[in-house]
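The block underneath contains the structure these notes are about, expressed in structure tokens.
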Amino acid sequence: MELAWYALLGLFFAGYLVLGGYDYGVGLLLARGADAPRRRAALNAVGPFFLGNEVWLVAAVGILFGAFPLLEGELLAGSYPAVAAALAGVILVTAGVQLRSRPGGGRARTAWERVIVVGSLLAALGWGVVLAGLLQGVPLRADGHVAGVTHLFTPFAAATGLAVLTLVVAHGATFLTLRLPTVESDRLRPLARRLLLTAIVAVGAATVVALFSDRVRAAAQRPAVGVLLAVLLVAALLAARVALGRRRPGVAFAATATALALPVLLVGVTLWPYVLVSTVEPNASLTVTDAAASGPTLRLLGWLAVPLLPALLGFQAMCWWIFRGRTDGRAPVYW
């Protein structure tokens, strides 16, 4: 039962990265200096999906608190700066999107757009550093508590944060090629392909740093699987770039969505059966079974989770069906 809940936690967080990722990617693209109508068009493209995408984060946090209370405590304590930055980013983006259209003139809209850019930057970097902190292990003492947060300030954490940032921007640009009118999509496509190339370089650099990191090598329980998933991530980005070149934005978006989900799978599979690998006391490493709540608690939570997943999937499917196609009402070529 612990494995099922662990997989469900990974599914919800990966879904959040995929869905919230294009929100933050579009938010970051507001900084590229486009004129006001194009910035508004970009925000309108994500508008129908925005609040629904954040629900996946709420669900993931709920599972973390309910099904893995021990992991929740040590993860938040050991990754506090990164988690705080990411959540601050989520709040800033939500506030910026909601308040941008309030009366106040062009200066007010520009100010809120800057808030969206800053929030998107914090969210992307923060979640990237959280994943890196898990993958390279934490200073978990024999008493079961994480000693400090200095493990977050490493070359690998920085490289992974930047890699996730580039993934998010490329994902957002690919999303816009799918949603914006054809003329705007054609104008944006070269930029999206360049961003995908940047993401490939960033992911490759993070992988190289990981291979030379003593922390990552010591924490990884299945390093070969981790390398294989990193290769698949690069392959997904290459597939997205080729699909955009062939004017297949739907295929490209599916590929970038896969690329953003893979880091979560990589962390979970590479560390299994652990959720926190101690870098100071090997015997203190926390397994999935030890981190999970009791059996009766998990069974009780199951009655709540059974309807939750279909409801979320159905809501997302409904949103994508209702708001399918481009913002000018035309249907894009998906395949």
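With the condition being β-branched (Val, Ile, Thr) and free of Cβ contacts under 8 Å to residues at least 24 places away in the same chain, I'd like the helices (runs of 4 or more DSSP H) fully within region 14-90 carrying at least 2 qualifying residues. Write out each step before concluding.
Details: elements: 36-46, 50-67, 69-78.
Counting at least 2 such residues, we get 50-67.
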Sole exception among (1) more than 20 Å from the chain's Cα centre (by Cα); (2) more than 19 Å from GLY250 (Cβ to Cβ); (3) open to solvent by less than 40 Å² (accessible area, probe 1.4 Å) for VAL209, by number = (3)
Could you grab me the full set of residues in region 294-324 that are touching a residue at least 40 places away in the same chain (Cβ under 8 Å), open to solvent by less than 80 Å² (accessible area, probe 1.4 Å) and either of a type in the set (Val, Ile, Thr) or not in a helix (DSSP H, G or I) (or both)?
-> THR297
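Based on this model, can you work out whether VAL227 counts as at pLDDT below 95, farther than 26 Å from VAL277 by Cα and open to solvent by 20 Å² or more (accessible area, probe 1.4 Å)?
Working: at pLDDT below 95: yes; farther than 26 Å from VAL277 by Cα: no; open to solvent by 20 Å² or more (accessible area, probe 1.4 Å): yes.
The answer is no for VAL227.
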Would region 64-86 turn up any residue that is closer than 23 Å to LEU188 by Cα, among the β-branched types (Val, Ile, Thr) and surrounded by 15 or more Cβ atoms within 10 Å (Cβ to Cβ)?
-> no
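Can you find a residue in region 174-194 that is in a helix (DSSP H, G or I), open to solvent by 20 Å² or more (accessible area, probe 1.4 Å) and either of a type in the set (A, V, I, L, M) or touching a strand residue (DSSP E or B) at 6+ places or on another chain (Cβ under 6 Å) (or both)?
First, pick out the residues of region 174-194 that are in a helix (DSSP H, G or I): 174-179, 182-194.
Filter once more, so that each one left must be open to solvent by 20 Å² or more (accessible area, probe 1.4 Å): 182-184, 186-187, 189-191, 193-194.
So of that shortlist, the ones also either of a type in the set (A, V, I, L, M) or touching a strand residue (DSSP E or B) at 6+ places or on another chain (Cβ under 6 Å) (or both) come out as 183, 191.
Checked against the condition, which is being in a helix (DSSP H, G or I), open to solvent by 20 Å² or more (accessible area, probe 1.4 Å) and either of a type in the set (A, V, I, L, M) or touching a strand residue (DSSP E or B) at 6+ places or on another chain (Cβ under 6 Å) (or both), region 174-194 yields at least one hit.
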Filter result for ALA259 (in contact with an Asp or Glu (Cβ under 9 Å, 6 or more places away or on another chain) and either over 21 Å from ALA67 (Cα atoms) or modelled with pLDDT under 95 (or both)) = no
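In region 131-158, how many are of a type in the set (Gly, Ala, Ser) and either in contact with a strand residue (DSSP E or B) (Cβ under 6 Å, 6 or more places away or on another chain) or open to solvent by 20 Å² or more (accessible area, probe 1.4 Å) (or both)? Write out each step before concluding.
As a first pass, look at region 131-158 and keep what is of a type in the set (Gly, Ala, Ser): 132-133, 137, 142, 144, 147-148, 157-158.
The next check asks that each one be either in contact with a strand residue (DSSP E or B) (Cβ under 6 Å, 6 or more places away or on another chain) or open to solvent by 20 Å² or more (accessible area, probe 1.4 Å) (or both); those that pass are 142, 144, 147-148, 158.
The total comes to 5.
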Reported set for region 274-284 where residues are modelled with pLDDT under 85 and part of a loop (DSSP other than H, G, I, E, B) is THR279, VAL280, GLU281
Under 7 Å by Cβ, and 6 or more places apart or on different chains, what pairs join a residue from region 124-149 that is under 13 Å from ALA77 (Cα atoms) and of a type in the set (Phe, Trp, Tyr) with one that is part of a loop (DSSP other than H, G, I, E, B) and modelled with pLDDT under 90?
-> none
For region 9-45, what are the residues that are open to solvent by 30 Å² or more (accessible area, probe 1.4 Å), farther than 14 Å from VAL93 by Cα and hydrophobic (A, V, I, L, M, F, W, C)?
-> LEU11, PHE13, ALA36, ALA41
Inspect all residues belonging to region 188-201 and state whether any of them is under 14 Å from the mean Cα position of the chain (by Cα) and either closer than 22 Å to TRP320 by Cβ or without any contact (Cβ under 8 Å) to a residue 60 or more places away in the chain (or both).
-> no
Here the residues within region 265-292 that are open to solvent by 20 Å² or more (accessible area, probe 1.4 Å) and out of contact with any strand residue (DSSP E or B) (no Cβ under 8 Å at 6 or more places or on another chain) are LEU265, LEU266, VAL269, TRP272, PRO282, ASN283, THR289, ASP290
Pairs, first in contact (Cβ under 8 Å) with a residue 24 or more places away in the chain and outside any helix (DSSP H, G or I) in region 217-245, second open to solvent by 50 Å² or more (accessible area, probe 1.4 Å) and of a type in the set (Ser, Thr, Tyr), C-beta under 9 Å, six or more apart = GLN221/TYR274
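The values are calculated or read from the model by the stated rules, or taken from the named source; none is laboratory data. Keep in mind the model is a prediction, meaning the values are calculated, not measured. All Cβ positions, glycine included, derive from the backbone under ideal geometry; neighbour counts span all protein chains shown. Side chains included, ligands, DNA and RNA excluded: accessible areas come from the protein's heavy atoms. Shrake-Rupley method; radii C 1.70, N 1.55, O 1.52, S 1.80 Å.
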